[in-house]
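S.K.: Take a look at this one; I'll ask things after.
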Amino acid sequence: MSKLTLVVSILASCILFSCGDKENNGDKENKESSNSKLMTQNEDGTNNDGDSPSNAKQDKNNSVKSAPEAPALNATPDKYDPAKDDAEVPAGPLTEIKFEEYKHDFGVMDEGDAVTHYFKFTNTGSEPLILEKCKGSCGCTVPECPKVPIAPGATGKIEVKFNSKGKKNQQTKKVTVTANTDPAQTILTIMANVTPAVTQ
């Protein structure tokens, strides 16, 4: 082999070796750059666009139309009042009624005794007072109302009879008065302490 051929071979080998080192160094630099970007993303929680994954997820959720809010399970419903539906509606012109007393206690009596009490009242309104109905809470309590209208400012009375036959100990009875007033019904109460009859 001539000296010229030897020199050419050595130069070719040097050139190839030099190119290989440059490619390896370039690959190494690219890998280091990629690793650096990944580390930066992990540290600040952002992606290449500068947005964090949580923000991206939130934006996606915000784009979905929210459903209407459901009512609370423990929401309280409107209070039901059955007496309101059953109450009688006053008819015609209304007036007002005022009793001297709304309760009467007959005290102690023997079983079988019958007693009577009068509840006195006044028409304090500006229209004639019409007592449509007086009703006792049981057959032992019998009320009787005036049959004629009571003029404004005039007075009247309701007779209530109580028969203690078959009754024992403390007794409480009601009388419901229905008239052209608001409310339409007025409640009167009678009480008695009945001593049981001695059985032989």
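Where a number appears in this text, it was derived from the coordinates with a stated rule and is not lab data. Note that this is a predicted model, so its numbers are computed, not measured. Here Cβ is always computed from backbone atoms with ideal geometry, including for glycine, and neighbour counts include all displayed protein chains.
S.K.: Order by neighbour count: 189, 199, 116, fewest other Cβ atoms within 10 Å first, most last.
M.R.: 199, 116, 189
S.K.: Subtract the Cα-Cα distance of residue 100 and residue 120 from 0.36 nm times their separation in residues, and report this length gain in nm to one decimal. If you can, show how the numbers build up before the last one.
M.R.: Numbers: separation 20, 0.36 × 20 = 7.20 nm, distance 0.58 nm.
Contour length minus Cα-Cα distance gives 6.6 nm.
S.K.: Turning to a different aspect of this structure: Please compare each pair in 120/168; 103/165; 103/147; 147/173; 98/165 to a cut-off of 25 Å on the Cα-Cα distance and tell me which ones are over it.
M.R.: Too far apart for the 25 Å limit: 120/168; 98/165.
S.K.: Moving on to the next point. What is the calculated FRET efficiency for residue 155 to residue 135, with r their C-beta to C-beta distance and R₀ = 22 Å, to the nearest 0.05? Please report the intermediate quantities before stating the final value.
M.R.: On the way: r = 22 Å, r/R0 = 1.00.
Once the sixth-power term is evaluated, E becomes 0.50.
S.K.: Which length gain, in nm to one decimal place, applies between residue 199 and residue 176 when the Cα-Cα distance is subtracted from 0.36 nm times their residue separation?
M.R.: Fully extending the segment from residue 199 to residue 176 adds 4.8 nm.
S.K.: For segment 127-200, restrict the atom set to alpha-carbon positions and state the Rg and Dmax in Å.
M.R.: Final numbers for Rg and Dmax: 15.4, 57 Å.
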